[in-house]
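One structure below.
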Amino acid sequence: MSSNVLVELQNVGKTFHSAWGSVEALRDINFSCFESEFISIVGASGCGKTTLLRIIAGLEKPSSGEAFFNGEKIEGPGYDRAVVFQEPRLFPWLTVEKNISLPIQSQKGSQKTEQIVEQVLRLVEMSNFRKAYPYELSGGMAQRVAIARALAFEPKALLMDEPFSALDAQTRSRLQLQFIDLWRKTNRTVILVTHDIEEALILSQKVVIMTPSPGTIKETLEIPLAYPRNKDTLEFIELRKYILKSIL
Ligand SMILES: Nc1ncnc2c1ncn2[C@@H]1O[C@H](COP(=O)(O)OP(=O)(O)OP(=O)(O)O)[C@@H](O)[C@H]1O
Ligand SMILES: [Mg+2]
């Protein structure tokens with residue numbers, strides 16, 4: 001594994017001001033993520049997980065402190081960081097393959113785009129549905145297309161905000177396993193926000209635990225378990241209990 005720091009947040013704070021008052025969403029966040037690393041961020045609702053991810057994505061600016069990506073200050077969104085949201089956000093009037101090709105066409109050119117589309121569809125096992133429209137897909141299939149679209153940017157980092165949470169338990173489990181496979185094949189850096197402690201433990205190498213009001217990082221845990229992970233082992237159960245206690 002490479003030891004380059006890809007994401008670095010130094011003393012980052014974020015306060016939102018609105019008509020009814022101010023909310024300190026993040027305070028004094030120090031966070032780093034190495035290249036190829038898979039990190040999950042867990043914590044109670046409102047503790048600032050999405051805000052943290054949006055700062056890394058360049059969709060939100062810190063109120064204090066500094067955020068860096070690949071050694072450069074984050075000034076806005078970029079092709080080097082692709083975001084997957086809770087819902088797939090596909091264009092309903094475009095086929096699966098057009099949903100993936102359209103955003104990258106001008107950046108990559110037609111020939112490269114065609115190759116990439118084929119490759120990412122294969123990775124998420126959706127090649128047979130390239131001509132389908134979003135309304136013809138199940139929720140899990142649509143979310144796989146959204147992941148394929150994010151991968152098509154060939155980003156240095158995938159930033160995922162509860163990407164599996166809208167799915168039923170079985171589909172979620174299947175997609176988690178597929179996603180682990182995909183991560184090991186593509187070697188991408190992944191930062192995943194999730195409510196689901198079990199999901200964080202199945203997927204990631206490190207779990208960042210946040211606590212609310214204001215959102216701070218309480219602890220970062222290394223998960224020393226080999227992949228694929230088994231939920232029934234004592235170590236897994238102990239880690240789950242420990243994290244659950246920490247976020248309450
Ligand atoms: N654009 C905004 N304007 C005002 N306040 C905001 C804005 N975005 C987030 N907040 C506030 O910042 C805090 C953190 O919100 P955030 O969405 O980051 O939490 P979260 O941990 O992702 O929660 P959830 O698990 O429910 O998605 C909340 O108190 C929220 O009300
Ligand atoms: Mg959120």
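Values in this text are rule-based calculations from the coordinates and carry no lab data. Keep in mind that this is a model prediction, so the values were computed, not measured. Every residue, glycine among them, receives a Cβ derived from its backbone with ideal geometry; neighbour counts consider all protein chains shown.
Checking each residue in the range 1-54 for being on the phi < 0 side of the Ramachandran plot and among the acidic types (Asp, Glu) picks out 8, 24, 35, 37. None of 62, 77 is buried (at least 17 other Cβ atoms within 10 Å of the Cβ) and within 27 Å of residue 8 (Cα to Cα) except 62.
Selection of the range 12-53 for residues being hydroxyl-bearing (Ser, Thr, Tyr), closer than 23 Å to residue 70 by Cα and near ligand 1 (Cβ under 8 Å from one of its atoms) yields 50, 51. If you go through the range 47-74 and keep only what is of a type outside the set (Val, Ile, Thr), under 25 Å from residue 151 (Cα atoms) and either part of a strand (DSSP E or B) or away from ligand 2 (no atom under 15 Å from the Cβ) (or both), you end up with 58, 61, 67, 68, 69, 70, 71, 72, 73. Scanning the range 230-239 for residues that are in contact with a helix residue (DSSP H, G or I) (Cβ under 7 Å, 6 or more places away or on another chain) and closer than 26 Å to residue 45 by Cα turns up 231, 236, 239. In the range 30-46, the count of residues that are without any contact (Cβ under 8 Å) to a residue 12 or more places away in the chain and outside any loop (DSSP other than H, G, I, E, B) is zero. Picking from residues in the range 148-170 that are assigned to a loop (DSSP other than H, G, I, E, B) and under 13 Å from the mean Cα position of the chain (by Cα), the one that is farthest from ligand 2 (Cβ to nearest atom) is 156.
From the list 189, 95, which residue is under 30 Å from residue 71 (Cα atoms) and of a type in the set (Ser, Thr, Tyr)? Walk me through it before giving the result.
Numbers: 95 fails: under 30 Å from residue 71 (Cα atoms).
It is 189.
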